[in-house]
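Working notes, structure below.
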Amino acid sequence: MNGESAVRAKRFSPGLIAGLFVALFFSVSLFIRIYLPYDQVFVGDWVKFTSIDAYLHMRLVDSIVHNFPVLTNFDPYLLYPFGLNIDNIHFFDWLLAGIIWVIGLGSPTQHTIDVVSVYFPAVLAALTVIPVYFIGKEIFGRWVGVMAAGLIAILPGEYLGRSILGFTDHHVAEVLFTTLTLMFLIMAIKRAQENGLTVQHLRARDWKVIRKPIIYSAIAGLSLGIYLVTWLGGLLFVFIILLYLFLQFIIDHLRQNSTDYLLPAGTIPFFIAFLIYVIFVGGTFTLEPSSVMPWLALLLAAATPIMLQLISAKYAQKKIRPYYY
C-alpha cells in the first residue's frame, strides 16, 4: 500500500497538477480567441482579417512568402502615389512568412497563407500563458503562477482584442517576447542570487555557479533582441529593465549586500540584443538619431550595470557611507 500511495502521489504531484492547469488555460485562451470571432473571419470562401493594419502586414507577408526570405524595401502603395521605404523592423512578418513557407513546403497557396495568418495571433496569445505561469511561480510560488496563467488567458480589453482570430498585427508578438524576456531575466537573477554569484566566480569561470545565470541571461537577450526588431518603440522596454537595475543596485548597496549577482542579467541580455539588432537591421552607423539611438542605447545599457557594480564595490572597499551611493 505504501508503494502504491507513493506512486499515486507522484502521479498527482503539485507540478503535474499545475502543468495540467496551464494546459487547460492554454486551451481556453485559444477557444476564446478562435471560436467567438470565427464566423466573422471565415465567411463563405473568404478569409477576412479583423483589423485594418492586418492588411498592411499581410501585404508584407505575401511578399516575403513569394520571395522568401527577402523582405521588400519599398512599397509603392504606401502613401500612394509616392510610395514609402520599408524598414527591417518586421520580424513578426518574417516569422509568420517563414512558418507559412515551411507549412506550404516552399510553395504555399494563397488560401494556406491566409488561413495560417488568421490563426497566428491567437496561437501567440495562447503561448504567452506559459511564461506568465513561470513568472508567477518564480516570484510568488507555483499556485500564484497558475492563477496568473488563468487570468492572462481570459484578460479582457486591448490585449484580448488585439490577439483574436484574424488580428494579424505585431502587438501580440510584443507581449509574448517581452514576457519571455522578463521570465528569463527573473530566472537569471534568482539563480545568480541563490548561487551567491560574485565577480570572482565570473573571472574563474566557475560554471557550476555561473552556468544557469549566463544561459538564462543569454536567452533573455535573444527574446529582447527579437522584440526590438518586432516594434520600433521597443527601446521603451530597455529603459524599464534598466530602471529596475538602477533601483536594485541602490537597494542592495544600501543594505550592504553584494551587487555582483546582477552583472550577468544586467549586461548579457543588452549585448546580445545589440548583436541581434545589428545583424537583423543591418546598415551602418550614421549621425541620424533614428539610426544612432537603438545601437547607442543598447551599448550604454550593457555598460551601465558594470559601472554601477564597480562604484558599489569601490565604495564598500573604501567604507564610504552607503547613503552617498
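The values are calculated or read from the model by the stated rules, or taken from the named source; none is laboratory data. Keep in mind that what you see is a predicted model, and the values were worked out from it rather than measured. We place every Cβ from the backbone using ideal geometry, glycine too, and count neighbours over all the protein chains shown. Keep in mind that these areas ignore ligands, DNA and RNA; they rest on the heavy atoms of the full protein, side chains included. Shrake-Rupley method; radii C 1.70, N 1.55, O 1.52, S 1.80 Å.
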> Is it the case that some residue within the range 46-58 is outside any helix (DSSP H, G or I), within 27 Å of the chain's Cα centre (by Cα), modelled with pLDDT of 95 or more and under 30 Å from Trp101 (Cα atoms)?
Replying inline: yes
>> Out of the residues in the range 105-119 meeting the condition of being hydroxyl-bearing (Ser, Thr, Tyr) and touching a residue at least 24 places away in the same chain (Cβ under 8 Å), tell me which one is surrounded by the most Cβ atoms within 10 Å (Cβ to Cβ).
In response: Ser117
> Out of curiosity, is Thr179 more than 19 Å from Pro305 (Cα to Cα) and of a type in the set (Ser, Thr, Tyr)?
Replying inline: yes
> Could you give every pair whose Cβ atoms fall below 7 Å, whose first residue belongs to the range 31-46 and is surrounded by 12 or more Cβ atoms within 10 Å (Cβ to Cβ), and whose second residue is among the small types (Gly, Ala, Ser), counting only separations of at least 6 or pairs across chains?
Replying inline: Arg33/Ala122; Arg33/Ala125; Arg33/Ser163; Ile34/Ala122; Pro37/Gly166; Val41/Gly166
> Of the residues that make up the range 82-100, is at least one open to solvent by 20 Å² or more (accessible area, probe 1.4 Å) and under 24 Å from Asp45 (Cα atoms)?
Replying inline: yes
> Quick one: how many residues across the range 138-169 are touching a residue at least 40 places away in the same chain (Cβ under 8 Å) and either of a type outside the set (D, E, K, R) or open to solvent by 30 Å² or more (accessible area, probe 1.4 Å) (or both)?
Replying inline: 18
>> Residues to consider are Lys190, Lys212, Lys137; find the one that is among the basic types (Lys, Arg) and touching a Gly at 6+ places or on another chain (Cβ under 7 Å).
In response: Lys137
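Test Val61 against the criterion of being under 30 Å from Val132 (Cα atoms), touching a residue at least 12 places away in the same chain (Cβ under 8 Å) and outside any loop (DSSP other than H, G, I, E, B), and give yes or no. Can you show your working first?
Numbers: under 30 Å from Val132 (Cα atoms): yes; touching a residue at least 12 places away in the same chain (Cβ under 8 Å): yes; outside any loop (DSSP other than H, G, I, E, B): yes.
Taking the combined requirement at face value, the residue satisfies it.
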>> Among the listed residues Ala122, Ala18, identify the single one that is among the aliphatic types (A, V, I, L, M), within 30 Å of Gly150 (Cβ to Cβ), crowded, with 17+ Cβ neighbours inside 10 Å and touching a Ser or Thr at 6+ places or on another chain (Cβ under 7 Å).
In response: Ala122
>> I'd like to know if the range 291-307 contains one or more residues that are more than 17 Å from the chain's Cα centre (by Cα), part of a helix (DSSP H, G or I) and within 18 Å of Lys190 (Cβ to Cβ).
In response: yes
>> If I ask for residues that are in contact with a helix residue (DSSP H, G or I) (Cβ under 6 Å, 6 or more places away or on another chain) and among the charged types (D, E, K, R), which ones from the range 37-78 would you list?
In response: Lys48
